[in-house]
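I have placed the structure first, in the form of structure tokens, so that the comments after it can refer back to it.
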Amino acid sequence: LAYNPNPNRNIIINGDMSIAQRATSVSSITSAGYYTVDRWQIYLLNLGTWTQSQSTDVPSGQGFATSLKFDCTTADASPAASDEFYVRTKFEGQNLQYLKYGTSSAQKLTLSFWVKCNKATTASLMLFDHDNSKMVSKSYTINSANTWEKKTITFNGNTSNSFTNDANLSLDVRWFLDSGSNFTSGTPSGDWEANDNTKKNSNNLGLGSSTDNEWYITGVQLEVGSASDFEFLPFDVNLQRCQRYYQFIGGVSTGFPIFQGY
């Protein structure tokens with residue numbers, strides 16, 4: 001690995017999708033949970049059937065070996081208003097104190113990632129603050145179908161609310177893949193605001209509309225300031241970070257009680 005002058009800047013764990021302790025492919029998914037790649041959870045409520053996999057389809061020449069793939073196997077082109085489907089990764093409050101949220105020095109965050117989809121359209125993603133029920137929703141555009149593209153999105157720091165300094169869930173990042181109308185009717189401000197379901201998926205990717213649809217993601221980085229090159233970690237270090245939340249040893253799943261399934 002090359003010299004890293006700024007180690008541990010990526011808040012995301014397993015952003016290169018290299019660790020998949022549970023499985024490398026799971027089909028017939030119709031409900032929420034962790035299925036393949038560690039630290040990447042789906043929330044799925046009555047919106048199609050899916051295969052999730054750790055794929056070897058990656059952006060060329062970027063150093064990635066794996067991505068996370070979603071493939072629609074049973075479509076739902078007319079989801080009910082309350083139906084919802086997103087993928088997320090979560091963070092403990094004690095790991096976020098250096099962001100200085102709740103003060104005038106609150107740090108800006110930049111999210112960067114590589115994405116590929118058969119649909120050329122605009123989609124929604126968001127940060128959600130669980131401690132204060134606050135959210136910031138933004139969009140990204142897939143310019144060319146079936147083409148790996150890098151996206152970079154910056155979020156203002158939240159000067160009004162701080163994260164609790166403990167091991168509980170404080171923040172997550174969500175990429176909306178589909179939803180019903182309850183989540184698409186509002187217009188987000190693009191900055192921190194009170195939780196509002198109508199603003200969460202204002203640009204609906206609609207991935208569940210056809211069994212032709214698939215979506216890939218890799219190289220996910222969330223960091224203070226502007227975007228930098230993806231921070232690759234040695235496999236053993238990445239695995240150890242994932243094992244704080246889930247372990248698979250000798251054919252048996254285990255975990256630290258407070259973090260099991262986190």
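The values are calculated or read from the model by the stated rules, or taken from the named source; none is laboratory data. The shown structure was predicted, so the numbers you read here are calculated from the model rather than taken from an experiment. We place every Cβ from the backbone using ideal geometry, glycine too, and count neighbours over all the protein chains shown. All accessible areas refer to the heavy atoms of the entire protein, side chains included, with ligands and DNA or RNA removed. Shrake-Rupley method; radii C 1.70, N 1.55, O 1.52, S 1.80 Å.
Being surrounded by 14 or more Cβ atoms within 10 Å (Cβ to Cβ), touching a Lys or Arg at 6+ places or on another chain (Cβ under 6 Å) and small (Gly, Ala, Ser) narrows it down to one residue among Ser25, Ser67, Ser18, Ser53; which is it?
Ser53
Can we say Phe176 is in a loop (DSSP other than H, G, I, E, B), crowded, with 22+ Cβ neighbours inside 10 Å and of a type outside the set (A, V, I, L, M)?
no
Return the residues of the range 33-42 that are buried (at least 17 other Cβ atoms within 10 Å of the Cβ) and closer than 23 Å to Gly206 by Cα; say none if nothing qualifies.
Once the filter is applied, which keeps residues that are buried (at least 17 other Cβ atoms within 10 Å of the Cβ) and closer than 23 Å to Gly206 by Cα, the range 33-42 yields Tyr34, Tyr35, Thr36, Val37, Trp40, Gln41, Ile42.
Being surrounded by 15 or more Cβ atoms within 10 Å (Cβ to Cβ) and under 25 Å from Asp71 (Cα atoms) narrows it down to one residue among Ser162, Ser202; which is it?
From the options Ser162, Ser202, the qualifying one is Ser202.
Between Ser18, Ser31, Ser53, which is farther than 24 Å from Asp178 by Cα and within 18 Å of the chain's Cα centre (by Cα)?
From the options Ser18, Ser31, Ser53, the qualifying one is Ser18.
Mind listing just one residue for me: the one in the range 188-240 that is in a helix (DSSP H, G or I) and not polar (S, T, N, Q) and, of those, nearest to Val58 (Cα to Cα)?
So the residue we want is Phe235.
Within the range 210-236, take every residue that is under 26 Å from Asp76 (Cα atoms) and touching a Leu at 6+ places or on another chain (Cβ under 9 Å) and give me the one that is most open to solvent (accessible area, probe 1.4 Å).
Ranking the candidates gives Glu214 first.
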